[in-house]
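The values are calculated or read from the model by the stated rules, or taken from the named source; none is laboratory data. Because the structure is predicted, anything quoted here is derived from the model rather than measured. Counting neighbours? That spans all protein chains shown, and the Cβs are built from the backbone with ideal geometry, glycine included.
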């Protein structure tokens, strides 16, 4: 239990990758790495796709990323509607893995374009919700 | 492999069908398909009911649909692949007949969406993507496709004006299709001035939720030839999957690998290529999707889908007429019925019964049906 704290509004409460929340609380964003083959996963996975091992370790990411694409959402699910319009983006991290995340409203949306360098940082939601966004 | 033929097709009026329940919509389409095939219900030895069941108040709707259609005690079950449910249902029925387990089956695509409040629909829409890693940020169906549009615009210079041409074309053909939800043409200016949904997509770049049903009766070659003198043959079936999460997908997001993979399989099975296709139905859930589909299906080179539109090549009389029944944008999108609706239109085309939408001498038709945010894509090729 507890993972519903992830995101602006979480849907899933039970998962093996709960430790992500502890990293977010410390201001860090972490990926999982297979202890056997070394493959790294973000978003984190509890189970390695390649060797089917489930012994993982956590590695902290530097957050450097390049924007791949984005949108500005005007029409949203009811729980998110009060926050509209808001930006969502897809970015590639330095390790080649990708992240889907909100884009901070502090980013000038006129400057947004594929290839723009952004940084993935921890963000605080309402209540004790935690997530990450691109800024 | 023996050939499998479509021997009867049926289609309801799509739109806000306040007059009918899920089972009644299914009956309308099924009954007109039986009339079209000129057979009685007892000939059907199994049914595949295709819907995105999370929209239905009825749990496991195949149960009540089969009962209402009079298809007990024959086998029945649901097939769910979001917006591609009935294309996948056809694939399932094809395999069941090819295996010899069945001879004649009904594939019933049906969806009742307006029973839900717009709040409920919006809530469901918010869970269309990966609920663990993407929905918690406020995703929507249009948001995902808008991100493909942004990428395509940045890489190829595609404009909102060019995207509007898809809606203008499809609404024009919808105005000639009595089953379409939207019966009026629209101008590019009206599309461009419609309110933003998820930039760069605006209201009229998007298809609408709808109620409706479409039904296909299919049979093995022996029965098909015995029961009808105008079977349309299923020549190619391609289906592929892609990661559901956007973060799990590769490349610049200017195309759908899932459609390219499904198309490759369908072309190979049918022994044809994109240049052989006379008429096509593609999944225009959003205007940008139709442009990407042209490219992913091989009708245009990457980045040049918009040129087909500007030159009128996907209009009636063009090189490859697309969505001459109005597509999802004009017909409305009753999720589970859409794939069967596309195949209804192609069957009419290949029988030379498409009226004012008829493509002269059409012999090979292609339907492409995307599921959800692009985790499934089905390509079906029919031959006269």
Subset of region B:305-332 [out of contact with any strand residue (DSSP E or B) (no Cβ under 9 Å at 6 or more places or on another chain) and within 12 Å of residue B:177 (Cα to Cα)]: B:326, B:330
Test: residue in region B:226-235 that is at pLDDT 95 or above, surrounded by fewer than 20 Cβ atoms within 10 Å (Cβ to Cβ) and over 21 Å from residue B:352 (Cα atoms): no
Subset of region B:265-301 (residues that are under 18 Å from residue B:383 (Cβ atoms) and assigned to a helix (DSSP H, G or I)): B:265, B:266, B:267, B:268, B:269, B:270, B:274, B:275, B:276
Index of the failed condition, residue A:96 passing every other in (1) within 14 Å of another protein chain (Cβ to nearest Cβ); (2) out of contact with any strand residue (DSSP E or B) (no Cβ under 6 Å at 6 or more places or on another chain); (3) at negative phi: (3)
Test: residue B:242 is within 14 Å of another protein chain (Cβ to nearest Cβ), crowded, with 17+ Cβ neighbours inside 10 Å and within 14 Å of residue B:378 (Cα to Cα): yes
Condition check for residue A:115: at pLDDT below 95, out of contact with any helix residue (DSSP H, G or I) (no Cβ under 8 Å at 6 or more places or on another chain) and within 10 Å of chain B (Cβ to nearest Cβ): no
Pick from region B:148-176, criterion more than 14 Å from residue B:291 (Cβ to Cβ) and surrounded by 24 or more Cβ atoms within 10 Å (Cβ to Cβ), ranking: farthest from the other protein chains (Cβ to nearest Cβ): B:173
Checking residue B:251 against (1) at positive phi; (2) away from chain A (no Cβ under 14 Å), the condition it does not meet: (2)
Qualifying positions in region B:120-149 - closer than 16 Å to residue A:9 by Cα and assigned to a helix (DSSP H, G or I): B:122, B:123, B:124, B:125, B:135, B:136, B:137
Qualifying residue in region B:3-11 (condition: surrounded by fewer than 17 Cβ atoms within 10 Å (Cβ to Cβ), modelled with pLDDT of 95 or more, touching a strand residue (DSSP E or B) at 6+ places or on another chain (Cβ under 8 Å) and outside any loop (DSSP other than H, G, I, E, B)): no
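Filter region B:13-26 for residues that are touching a residue at least 60 places away in the same chain (Cβ under 8 Å) and either more than 19 Å from the chain's Cα centre (by Cα) or more than 18 Å from residue B:70 (Cβ to Cβ) (or both) and give the result.
B:13, B:14, B:15, B:16, B:17, B:18, B:20, B:21
Quick one: how many residues across region B:255-268 are within 14 Å of chain A (Cβ to nearest Cβ) and surrounded by fewer than 23 Cβ atoms within 10 Å (Cβ to Cβ)? So that I can check it myself, show each step before the final result.
Taking region B:255-268 first, the residues within 14 Å of chain A (Cβ to nearest Cβ) are B:255-256.
Okay, now just the ones that are also surrounded by fewer than 23 Cβ atoms within 10 Å (Cβ to Cβ), so B:255.
Final tally of qualifying residues: 1.
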Complete set of residues in region B:180-207 that are surrounded by 20 or more Cβ atoms within 10 Å (Cβ to Cβ), touching a strand residue (DSSP E or B) at 6+ places or on another chain (Cβ under 9 Å) and in a loop (DSSP other than H, G, I, E, B): B:180, B:181, B:182, B:200, B:207
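Taking the conditions exactly as written (surrounded by fewer than 22 Cβ atoms within 10 Å (Cβ to Cβ), more than 16 Å from the chain's Cα centre (by Cα), farther than 15 Å from residue B:379 by Cβ and within 14 Å of another protein chain (Cβ to nearest Cβ)), does residue B:304 satisfy them or not? Break it down into steps so the answer makes sense when it comes.
Working: surrounded by fewer than 22 Cβ atoms within 10 Å (Cβ to Cβ): yes; more than 16 Å from the chain's Cα centre (by Cα): yes; farther than 15 Å from residue B:379 by Cβ: yes; within 14 Å of another protein chain (Cβ to nearest Cβ): no.
In short, no.
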Which listed residue is closer than 30 Å to residue B:19 by Cα and either surrounded by 17 or more Cβ atoms within 10 Å (Cβ to Cβ) or facing another protein chain (nearest Cβ under 8 Å) (or both), from B:134, B:123: B:123
Flag for residue B:350 being closer than 27 Å to residue B:184 by Cβ and more than 15 Å from the chain's Cα centre (by Cα): no
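Matching residues to (1) on the phi > 0 side of the Ramachandran plot; (2) within 14 Å of chain A (Cβ to nearest Cβ); (3) touching a helix residue (DSSP H, G or I) at 6+ places or on another chain (Cβ under 6 Å):
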{"site": "B:52", "(1), (2), (3)": "no, no, yes"}
{"site": "B:74", "(1), (2), (3)": "no, no, no"}
{"site": "B:79", "(1), (2), (3)": "no, no, yes"}
{"site": "B:88", "(1), (2), (3)": "no, no, no"}
{"site": "B:93", "(1), (2), (3)": "no, no, no"}
{"site": "B:97", "(1), (2), (3)": "no, no, no"}
{"site": "B:102", "(1), (2), (3)": "no, no, yes"}
{"site": "B:139", "(1), (2), (3)": "no, yes, no"}
Matching residues in region A:1-41 - criterion: being over 21 Å from residue A:103 (Cα atoms), outside any loop (DSSP other than H, G, I, E, B) and in contact with a helix residue (DSSP H, G or I) (Cβ under 9 Å, 6 or more places away or on another chain): A:3, A:32
